[in-house]
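The values are calculated or read from the model by the stated rules, or taken from the named source; none is laboratory data. Quick caveat, the model's predicted, so the values are computed rather than measured. Neighbour counts are summed over all protein chains in view; Cβ atoms, including those assigned to glycine, are modelled from backbone coordinates with ideal geometry. Surface accessibility is based on the protein's heavy atoms, side chains included, excluding ligands, DNA and RNA. Shrake-Rupley method; radii C 1.70, N 1.55, O 1.52, S 1.80 Å.
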Protein chains: 2
Amino acid sequence: MSEWTMTETPRPKPPAFDPSDVTESNFTSYPAPHRAVNQMRYNRRLGEHVGLKNFGVNLTRIIPGGQSSYRHAHSHQDEFVYVLDGEVVLQTNAGEQVLLPGMCAGFPAGCGEAHRFVNRTRSDVRLLVIGDRTADDEITYPEVDMHAVLGPDGKYRFTTKSGEPL
Amino acid sequence: MSEWTMTETPRPKPPAFDPSDVTESNFTSYPAPHRAVNQMRYNRRLGEHVGLKNFGVNLTRIIPGGQSSYRHAHSHQDEFVYVLDGEVVLQTNAGEQVLLPGMCAGFPAGCGEAHRFVNRTRSDVRLLVIGDRTADDEITYPEVDMHAVLGPDGKYRFTTKSGEPL
C-alpha cells in the first residue's frame, strides 16, 4: 500500500470521453502540392470517435505558423468554429481579425465567405470545428488553384480550378 | 481626454461573434406539465445567430439544480456535447458520471442512449450542445410520459407515449 493518497481523477466512461483519449493526426486530404503547409495543424475526430455520422466535430490544434486549412467556402455544408485556447487570426473575404478563447464564427452553406484560421503566436491554438456531411458539397479556394467535389463515398476529389487532376 | 488608458478589447466582427452578444433564453418547447423543471437552463442559439440551417449549436447554461432536458434519445439526429465550464452530471441508461470542463460526450442517432445533464453544484454549468436537423426525428423519454415527433415545419409535436395530446 502506498503512503501517498492519490487524488482521484474521474475518467469519463462511454458515451463520454476525454478528447486526449482520441488519436491526434496531421493527415490532410489535400493533394501533394498543397499538403505541407496544411500539416501544421492536428485533428482529433471527436464526433467519429463516438460514431456520429450526420456531422463531424474536430478538436483542431494549430501549432505556431500553421493554418486550419486554405481559405475556403462550402457550397452545401455549414461550418461552425469555437475558439477554445489561444489567439487566432480569422481571415475572410473582408480581411482579418483576431479571435480570443470563447469567441466563435459560423459559415452557412453557400455564403461564399472563404475563411481560414491562422496561428501567428508562439503558442498552440485549439479550436472546436463542426461541419455537417450534406451531399454534393463543393469547396472553392480563392487563393490556390484547387477545387474539391464531394463524392458519393464521402471523400472529396481535388482538381485544379479548370478540372485537371491534382 | 481620459487620464486612464483603456485596455483595448477586440470586438469580433461578423461572421465572428462573442456568444454574450446572442440573446439568452430559458424557453422550452416542452408542453406545460413538463415545462418548469426544464427552465433552469438558458440557451444561446449560436448557430442560428449566424444563419446555420444544417445543424444547431447551443451554448447552454444550466443553473444550480437545473437540467439540460429530460433524459431522452433521438431516432434520426446525432448529438454532441462539450463541457465548457463547471462540473456536470451526465445521466445515461447505464447510470451517472461527473464530467469536467474539456470532456465531451456523443449520442449517435438511433443509439437509444437516453441522456441528460444535471447541475448539482452551486455554480453554473456551461455546455456547447450540437445537434443536426435530420427529418423524421422522434424523441423518446424513458422517465416521463412524453414523446416527440419532428414535423415538416421543423417543430416537434409532443404527446403522451400513447399518443394523447399534451
Quiz item: With (1) more than 10 Å from chain B (Cβ to nearest Cβ); (2) closer than 26 Å to residue B:85 by Cβ; (3) basic (Lys, Arg) as the list, and residue A:11 as the residue in question, which single condition is left unmet?
Solution: (1)
Practice problem: Report, by residue number, each residue of region B:74-88 that is more than 9 Å from chain A (Cβ to nearest Cβ), assigned to a strand (DSSP E or B) and open to solvent by 10 Å² or more (accessible area, probe 1.4 Å). | Solution: B:74, B:85
Exercise. Please enumerate the residues belonging to region A:96-107 that are open to solvent by less than 30 Å² (accessible area, probe 1.4 Å) and either in contact with a Ser or Thr (Cβ under 9 Å, 6 or more places away or on another chain) or not polar (S, T, N, Q) (or both).
Key: A:99, A:102, A:103, A:104, A:105, A:106, A:107
Quiz item: Looking at region B:40-63, which of the residues that are open to solvent by 50 Å² or more (accessible area, probe 1.4 Å) and assigned to a loop (DSSP other than H, G, I, E, B) is nearest to residue B:83 (Cα to Cα)?
Solution: B:40
Quiz item: Would you call residue A:122 modelled with pLDDT of 95 or more, of a type in the set (Lys, Arg) and in a loop (DSSP other than H, G, I, E, B)?
Solution: yes
Quiz prompt | Residue list for region B:30-39, restricted to those being under 26 Å from residue B:121 (Cα atoms), in a loop (DSSP other than H, G, I, E, B) and open to solvent by less than 70 Å² (accessible area, probe 1.4 Å) | solution = B:30
Quiz item: Does region B:6-28 contain at least one residue that is closer than 24 Å to residue B:113 by Cα and either modelled with pLDDT under 95 or surrounded by 15 or more Cβ atoms within 10 Å (Cβ to Cβ) (or both)?
Solution: yes
